[in-house]
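Trainee: Starting off with a structure, shown below.
Laboratory data are not the source of any read-out in this text; all were calculated from the coordinates shown. The structure presented is a predicted model; accordingly, all values stated were derived computationally and were not measured. Neighbour counts run over all protein chains shown; Cβ positions are idealised from the backbone, glycine included.
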Amino acid sequence: MARLPYLTADDLKPEDKGLLSRDINLYRILVHNPDAMRAFSGLGQYLRHRTTLDARLRELAILQVGWLAKAPYEWSHHVKIGYDFGVTDADIEGLIADTEGKANGLDPKAKLVVKAAREIHAGGATEATFKELQGAFSEAEILDIVVTASFYCAVVRLLTSFSIDVEDSYMPYLKKYPLPA
């Protein structure tokens, strides 16, 4: 159960109602402070719609963070969103296997992105991984890889701190790919 009540558009001032255009539990908590929600949403919208990074790779970075953090909300939402942006079941299975150090079918760029996301989740990309990124991506794409993984590290901490519940409509994704114990 969430640590703050989930707000609805009816709880908000008229000028803030649009903040719940996506009626998801994360936003229903963040709108307790509409200005913070706007700031949060600004970076989130950039990463979703204007990043230089390929959308599938972006989603794999996010999924890696969600998997490592064992964040059911983040994981379930981005399995669904990932499908919308070209992530396949083979990609998800590959990410899980790669995280466990097992052989997998991820392509080299995907392997590098999830490796970087793992390192960022642990505290920061290593020099060796950064050099690998420089050999495979533009500087703008590298920035977006680091910003994406870093932002979602923050997101999973918000989700955990507020005990935000996974909506019923996302539970099938969590059931299909349950997080490790």
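Trainee: What trypsin sites (Lys or Arg not before Pro) in the range 80-155 are in a loop by DSSP, with at most 12 other Cβ atoms within 10 Å of the Cβ?
Mentor: Lys102
Trainee: Hey, what angle do you get for helix 34-49 against the long axis of the chain, alpha-carbon based, 0 to 90 degrees rounded to 10?
Mentor: For 34-49 against the chain, the angle is about 30 degrees.
Trainee: Charges at C-beta only: +1 for Lys and Arg, -1 for Asp and Glu. How large is the resulting dipole of the chain about its Cα centre, in Debye rounded to 20?
Mentor: 180
Trainee: I'd like the orientation of helix 127-136 relative to the chain: the angle between its Cα long axis and the longest Cα principal axis, in ° from 0 to 90, rounded to 10.
Mentor: Between the helix axis and the principal axis of the chain, the angle is about 90 degrees.
Trainee: Lys/Arg Cβ at +1, Asp/Glu Cβ at -1, dipole of the range 7-50 taken about the Cα centre: which of Pro34, Leu12, Tyr46 is farthest positive-ward?
Mentor: Farthest along the dipole direction, towards plus: Tyr46.
Trainee: Still on this structure: Run the numbers for Ser163 and Asp23: contour at 0.36 nm per residue of separation, minus the present Cα-Cα distance, in nm.
Mentor: Full-extension gain reported as 48.7 nm.
Trainee: In Å, what Kirkwood hydrodynamic radius results for the chain from the alpha-carbon pair distances?
Mentor: 16.9
Trainee: Net charge near Phe130, counting Lys/Arg +1 and Asp/Glu -1 over other residues with Cβ under 13 Å of its Cβ?
Mentor: -3
Trainee: Residue by residue, what Karplus-based ³J(HN,Hα) values in Hz, rounded to whole numbers, does the range 83-93 have, using 6.51, -1.76 and 1.60 with θ = phi - 60° and x for Gly and Pro?
Mentor: My calculation for the range 83-93 gives 4, 5, 10, x, 6, 9, 4, 4, 5, 5, 5 Hz in order.
Trainee: With angles folded into 0 to 90 degrees, how steeply does helix 139-161 sit against the dominant principal axis of the chain? Use alpha carbons for both and round to 10.
Mentor: 50
Trainee: Continuing with this model, one more query. Testing the spin-label approximation: label points 7 Å from Cα along Cα→Cβ at Ala39 and Asp84. State their distance in nm.
Mentor: About 2.6 nm, to one decimal.
Trainee: Tell me the Kirkwood radius of the range 7-50: reciprocal of the mean inverse pair distance over distinct alpha-carbon atoms, in Å.
Mentor: 10.5
Trainee: So what's the gap between the Cα centers of the range 67-124 and the range 1-36, to the nearest angstrom?
Mentor: 29
Trainee: Return the inverse of the average 1/r over all pairs of distinct C-alpha atoms in the range 23-91, which is the Kirkwood hydrodynamic radius, in Å to one decimal.
Mentor: 12.9
Trainee: If I take R0 = 22 Å and measure r between the Cβ atoms of Glu139 and Tyr46 in this structure, what FRET efficiency does the formula 1/(1 + (r/R0)^6) give, to the nearest 0.05?
Mentor: After rounding, the FRET efficiency stands at 0.85.
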